[in-house]
Amino acid sequence: MQTTYKTHNMKKILYIVILITIGLSSCDKFSGEQEIPSYIHFEGFYLEENTDFTFSQSSDLLTSDIRDVWVYLDGKYIGAYPIPCSIPILKEGKHKIDLRPGIIYNGMNNMREEYVFYTSHSDTLNLVPGEEIRIEKQPIMYNANKCSIPFKETFESYFINFKQANVIGEEALSMNVISGDSVKYGNNCGTIYFEEGGHNKYISVDSIFCNNTNGVILEIDYCSNIPFEIGLYGRSSSAEANKYISAVRLTPTQENEWKKSYIILTKVWKTLGYPLNFHIYLEAFNPEKTKNSFVHVDNIKVLHFPNN
């Protein structure tokens, strides 16, 4: 029995060595006849206004956090790369290239995808093996053909579209608004100051209508020293009461650091889709008993595919 066990192990080790040898040799050259790639160096994207929308988009509203470029050559996906980047392509001659912006959903690095609500950059390039084509930062916009933006709050107007939750009527106060050095975009931002046993949840005043549940995303800029939750308020049927359902809980940022997050609301909305209207809510938490706790928020937008 001992000899059989050793023989089996030796065969297993030999098999692994063969696999490693094949793997290493395959790294020495690319598949196919062409061995020397052409290169495209890409600097990235920047967001600009799309006048097809009925509302104005100031530079303060057009914040983004585009991490990657998703690359398509002649309509075929060839890879995603953190930007800026140098992209090797085993082709030569004229080819169409599509560069699509990629983001991180819910603040999680393992949820990197191209963002369909932005436009992309396309070009026809003459690829030469061993040579690099440099593409500077390219303008993109919100894609008016693929998305609706039924809700936005920049905290710059008199009317603030967030009020205290679970408070009836006129007693529900609007979310606090501050100005000064704490603000990164525009003149103001919304703020939740955590109070032990106080009102730490705020809900949108206006409801949001959507009958296309294939893609519902919330964008938000934030700076906080305590965690806070983002979710939806609605009901699943006429027989049920309204309820709050969390979509994500965001962690504190570094001191005075603002972040942008793209939050997936699709799954939550599908559980609440009656009667095709919902509210969004923000709720602050302070599990570590942090002193002078706060949540600063700005440029909140809800986007979804056009209604059917």
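The values are calculated or read from the model by the stated rules, or taken from the named source; none is laboratory data. Keep in mind that what you see is a predicted model, and the values were worked out from it rather than measured. Virtual Cβ from ideal backbone geometry, glycine too; neighbours counted across all protein chains shown. Protein only, heavy atoms only, side chains kept; ligands, DNA and RNA dropped before computing areas. Shrake-Rupley method; radii C 1.70, N 1.55, O 1.52, S 1.80 Å.
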**Request:** Within segment 242-292, list the trypsin sites (Lys or Arg not before Pro) lying in a DSSP loop whose Cβ has at most 12 other Cβ atoms in a 10 Å radius.
**Result:** 289, 291
**Asked** For residue 118, which sequence-distant residues (separation of 5 or more, or a different chain) have an amide H within less than 5 Å of its own amide H, given hydrogens modelled in the peptide plane?
**Response** 143
**Prompt:** If r is the Cβ-Cβ distance from residue 176 to residue 78 and R0 is 51 Å, what FRET efficiency results, to the nearest 0.05?
**Reply:** 0.60
**Message:** Suppose each label sits 7 Å from its Cα in the direction of the beta carbon; what would the residue 54-residue 276 distance come out to in nanometres?
**Reply:** 1.7 nm
**Message:** Using Cα-Cα distances under 8 Å and only pairs 6 or more residues apart, what relative contact order does the chain have, in percent?
**Reply:** 19 percent
**Complete:** Result for the chain: accessible area per residue, probe 1.4 angstrom, in square angstrom, of 56 Å²
**Message:** Among 99, 295, 186, whose Cα projects farthest towards the positive end of the dipole of the chain, with charges put on the beta-carbon of Lys, Arg (+1) and Asp, Glu (-1)?
**Reply:** 99
**Request:** Describe numerically, in nm with one decimal, the distance between label points set 7 Å from Cα along Cα→Cβ at residue 237 and at residue 259.
**Result:** 3.8 nm
**Prompt:** Quick one: with all protein chains in place, what share of the accessible area of the chain is carbon or sulfur, to the nearest percent (1.4 Å probe)?
**Reply:** 50 percent
**Request:** Could you tell me the distance between the Cα centroids of segment 141-204 and segment 42-70, to the nearest Å?
**Result:** 21 Å
**Asked** From the square roots a ≥ b ≥ c of the eigenvalues of the alpha-carbon gyration tensor of segment 218-308, which class results: rounded (a/c under 1.5), prolate (a/b over b/c), or oblate?
**Response** oblate
**Request:** Find me the longest stretch of the chain that has none of the exposed chymotrypsin sites (Phe, Trp or Tyr not before Pro), where exposed means in a DSSP loop (not H, G, I, E or B) with at most 10 other Cβ atoms within 10 Å.
**Result:** 160-308
**Item:** Mean ellipticity per residue at 222 nm, deg cm²/dmol - from DSSP H runs of n ≥ 4 across the chain, formula -39500 (n - 2.57)
**Value:** -3500 deg cm²/dmol
**Request:** Sketch the reach of a paramagnetic label on residue 246 as a point 7 Å from Cα along Cα-to-Cβ, and name the residues of segment 264-294 whose backbone nitrogen lies under 19 Å away.
**Result:** 264-272, 279-290, 294
**Estimated FRET transfer efficiency when R0 is 45 angstrom, pair residue 267-residue 131 (beta carbons, to 0.05)** = 0.45
**Prompt:** Pairs 243/291; 137/184; 152/184; 243/270; 260/301; 91/146: which are spaced more than 21 Å apart, C-alpha to C-alpha?
**Reply:** 243/291; 137/184; 91/146
**Prompt:** So how strong a dipole does the chain carry about its Cα centre when Lys and Arg Cβ are +1 and Asp and Glu Cβ are -1, to the nearest 20 debye?
**Reply:** 1340 debye
**Prompt:** Karplus couplings for segment 151-166 from phi (6.51 cos²θ - 1.76 cosθ + 1.60, θ = phi - 60°), rounded to Hz, Gly and Pro as x?
**Reply:** 9, 8, 9, 10, 6, 9, 9, 5, 7, 9, 8, 9, 9, 4, 7, 6
**Fill in**
A chain fully extended from residue 206 to residue 152 at 0.36 nm per residue, minus the present Cα-Cα distance, gains in nm 18.4 nm
**Asked** Using a basic spin-label model with each label point 7 Å from the Cα along Cα→Cβ, how many nm lie between residue 166 and residue 86?
**Response** 5.7 nm
**Fill in**
Row for the chain, column shape: gyration tensor on C-alpha, a ≥ b ≥ c, rounded if a/c < 1.5 i.e. under 1.5, prolate if a/b over b/c, else oblate; value prolate
**Request:** Please list, in chain and number order, the residues 5+ apart from residue 274 or on another chain whose amide H is under 5 Å from its amide H, with Hs placed from the backbone.
**Result:** 235
**Message:** Please report the net charge: other residues with Cβ closer than 13 Å to the Cβ of residue 159, K and R +1, D and E -1.
**Reply:** -1
**Request:** Convert each backbone phi in segment 216-225 into a coupling constant with the Karplus relation 6.51 cos²θ - 1.76 cosθ + 1.60 (shift: θ = phi - 60°), then list the ³J(HN,Hα) values in order as whole Hz, x for Gly and Pro.
**Result:** 10, 10, 10, 9, 8, 9, 8, 9, 8, 10
**Fill in**
A correct Karplus calculation of ³J(HN,Hα) over segment 249-266, with 6.51 cos²θ - 1.76 cosθ + 1.60, θ = phi - 60°, whole Hz and x for Gly and Pro, returns 10, 8, 8, x, 8, 5, 4, 6, 8, 9, 10, 10, 9, 10, 9, 7, 9, 3
**Request:** Report the GluC sites (Glu not before Pro) located in segment 145-233 that are in a DSSP loop and have at most 13 other Cβ atoms inside 10 Å of their Cβ, or state none.
**Result:** 195, 196
**Fill in**
Residues whose modelled amide H sits under 5 Å from the amide H of residue 248, counting only those 5 or more places away in sequence or on another chain, are 230
